[in-house]
Amino acid sequence: NERVADAGALQNLAVQSAIEPGSVFKVFTIASALEEGEVTPQTSFHCGFGKINLFGRIIKDHDPYGYLAVEDILAKSSNIGAIRVGQTIGEQRLFEYIKRFGFGTKTGLPLPGESSGKVIRLAQWSKSSIGSVAMGHEVMATTIQLGQGVGVIANGGWLVKPRIIQRVKAQEQ
């Protein structure tokens with residue numbers, strides 16, 4: 001008798017499963033604002049002592065922060081700080097950067113079932129979407145897309161498509 005493998009064991013979740021990234025996404029919001037010259041790591045924002053009313057929607061932080069510099073917004077993972085940073089570049093530019101980081105598009109890896117994730121079209125954003133997206137909500141991304149996005153930052157702004165390698169050969173010196 002042959003055993004049938006569990007279907008879940010055959011999935012490659014890194015490319016097939018899109019998730020709402022949450023706080024990990026704050027790095028892309030902040031990188032976008034830094035690239036646009038709207039902020040520096042030392043630019044300070046008031047974080048509402050842990051609460052913000054965004055068009056009638058109350059969003060909270062895990063701690064009641066007052067002023068935080070951008071570098072601390074990232075280090076402390078402040079939701080409100082990320083929202084404030086996102087507001088400096090606005091919906092249009094934040095949306096454009098998200099797409100330029102590669103979100104909402106398949107990476108092109110030659111693996112079955114790759115998900116493109118999901119980036120909601122700008123015309124479908126609600127008034128409070130700038131807040132949600134800035135802190136990694138209302139966006140769906142695969143693990144490989146997140147890695148590709150971080151690669152853009154590590155590569156000085158160049159998007160390098162991920163690829164599968166068979167082996168690494170040592171260079172002769």
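The values are calculated or read from the model by the stated rules, or taken from the named source; none is laboratory data. Owing to the predicted nature of the structure, the values given are computational and were not obtained by experimental measurement. In this analysis, Cβ positions are derived from the backbone assuming ideal geometry, glycine residues included, and neighbour counts consider all displayed protein chains. These accessible areas exclude ligands, DNA and RNA; they are computed on the full protein's heavy atoms, side chains included. Shrake-Rupley method; radii C 1.70, N 1.55, O 1.52, S 1.80 Å.
Among the residues making up the range 33-64, those that are open to solvent by less than 40 Å² (accessible area, probe 1.4 Å) and either touching a Leu at 6+ places or on another chain (Cβ under 8 Å) or of a type outside the set (V, I, T) (or both) are A33, F45, C47, G48, G50, L54, D61. One residue stands out in the range 77-97 among those that are within 12 Å of S132 (Cβ to Cβ) and touching a helix residue (DSSP H, G or I) at 6+ places or on another chain (Cβ under 7 Å): the one that is surrounded by the most Cβ atoms within 10 Å (Cβ to Cβ), namely A82.
Listed here are the residues, each with its yes/no results for (1) under 23 Å from Q148 (Cβ atoms); (2) modelled with pLDDT of 95 or more; (3) not acidic (D, E).
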{"site": "E36", "(1), (2), (3)": "yes, yes, no"}
{"site": "Q42", "(1), (2), (3)": "no, yes, yes"}
{"site": "G56", "(1), (2), (3)": "no, no, yes"}
{"site": "Y65", "(1), (2), (3)": "no, yes, yes"}
{"site": "K76", "(1), (2), (3)": "no, yes, yes"}
{"site": "I89", "(1), (2), (3)": "yes, yes, yes"}
{"site": "L94", "(1), (2), (3)": "yes, yes, yes"}
{"site": "L111", "(1), (2), (3)": "yes, no, yes"}
{"site": "V119", "(1), (2), (3)": "yes, yes, yes"}
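Beta carbons closer than 6 Å, at least 6 apart along the sequence or on distinct chains, pair a first residue in the range 32-50 that is at negative phi with a second that is open to solvent by 70 Å² or more (accessible area, probe 1.4 Å) for P41/E71; S44/Y67; F45/R84; H46/Y67.
Quick one: in the range 8-25, which of the residues that are of a type outside the set (S, T, N, Q) and farther than 16 Å from M140 by Cβ is least open to solvent (accessible area, probe 1.4 Å)?
At the first step, the residues of the range 8-25 found to be of a type outside the set (S, T, N, Q) are 8-10, 13-15, 18-22, 24-25.
Then keep just the ones that are farther than 16 Å from M140 by Cβ; that gives 8-10.
Values: G8: 39, A9: 78, L10: 130 Å².
Only one residue tops the list, namely G8.
Restricting to the range 122-173, name every residue that is small (G, A, S) and either open to solvent by 80 Å² or more (accessible area, probe 1.4 Å) or within 30 Å of P110 (Cβ to Cβ) (or both). I'd like the intermediate steps shown before the answer.
First pass over the range 122-173, keeping only residues small (G, A, S): 123, 126, 128-129, 131-132, 134, 136, 141, 147, 149, 151, 154, 156-157, 170.
Matches in the range 122-173: A123, G136, A141, G147, G149, G151, A154, G156, G157, A170.
Let's see how each residue does on (1) out of contact with any Asp or Glu (no Cβ under 7 Å at 6 or more places or on another chain); (2) aromatic (F, W, Y):
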position	(1), (2)
R84	yes, no
I89	no, no
F95	yes, yes
F101	yes, yes
G108	yes, no
L111	yes, no
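Test A69 against the criterion of being over 14 Å from G136 (Cβ atoms), small (G, A, S) and out of contact with any strand residue (DSSP E or B) (no Cβ under 6 Å at 6 or more places or on another chain), and give yes or no. No, not satisfied.
Could you check how many residues of the range 127-160 are in a loop (DSSP other than H, G, I, E, B) and free of Cβ contacts under 8 Å to residues at least 40 places away in the same chain? Total satisfying the criteria: 4.
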